[in-house]
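Below is one structure, written out as structure tokens, with a few remarks after it.
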Amino acid sequence: MDCGIDIPLQDWALPGEPFRLVAVATDAADWAGRLAPDARERAERFTDPAARARAGAAEWLKTVWLPRELGLERVEWKTGTHGKPRLARAAAEWGFNLSHAGDYVVAALAQGAAIGVDLESLTRKADVDALGERVFSAGERALVQAGGRAAFFALWSQKEALLKALGCGWANGNVVRRTRLEIADFQTEPTTRVRVWSRRVLDDAYSLAVAIF
């Protein structure tokens, strides 16, 4: 197996941010040749070539890049309280999360904290008014009404990252409808006290958010 230390990674973290944030293009490698058999099998369950490439890149980040980044031969996982996979044993002090959109997969890593990351393409088809009514608080809906699709995807990525950091998911209405997120580069969401970083990437074509709890 060629693990692929030559695979080009993009470092998306800004100076001073308390996490590692890297992205890889889904066409950066023939992922099947870069993965161990079990990871390759998981990726090849996808029949659509684009989905298989995304899965391959995600598996490479999880099973090759992550252990190498932590200086471990391999990492072990356990299931958290709400079903979210969490690192275990030698890597238990680390939070790790993945997201993908378009032609990129992004990985976030933080020490001593739970972390969530979300990447959203602004060209994604979405009924922003209908979705906003379902998942945004009144203040967040007002921001979408004022800022349109760009505001919607900024808030959506922030909320997705926040929920992933908390490990509770969109089904938890007590969190989903009570947050008071803003359009901001950095904020501490007042209801959950989750710290959220947000910005546009890839020539402003994508909204990115990272949340730490």
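The values are calculated or read from the model by the stated rules, or taken from the named source; none is laboratory data. Keep in mind the model is a prediction, meaning the values are calculated, not measured. Neighbour counts run over all protein chains shown; Cβ positions are idealised from the backbone, glycine included.
Taking the criterion of being farther than 14 Å from F213 by Cα and either aromatic (F, W, Y) or without any contact (Cβ under 8 Å) to a residue 24 or more places away in the chain (or both), the only residue of the stretch 100-117 that qualifies is Y104.
Looking across A57, A90, A53, one residue alone is modelled with pLDDT of 95 or more, more than 27 Å from T191 (Cβ to Cβ), surrounded by fewer than 16 Cβ atoms within 10 Å (Cβ to Cβ) and not basic (K, R). It is A90.
With respect to A151, determine if the residue is touching a strand residue (DSSP E or B) at 6+ places or on another chain (Cβ under 6 Å) and buried (at least 17 other Cβ atoms within 10 Å of the Cβ).
On the way: touching a strand residue (DSSP E or B) at 6+ places or on another chain (Cβ under 6 Å): no; buried (at least 17 other Cβ atoms within 10 Å of the Cβ): yes.
Judged against the criteria, A151 is not a match.
Restricting attention to the stretch 107-151, the residues that are in a loop (DSSP other than H, G, I, E, B), among the polar types (S, T, N, Q) and within 28 Å of G95 (Cβ to Cβ) add up to 1.
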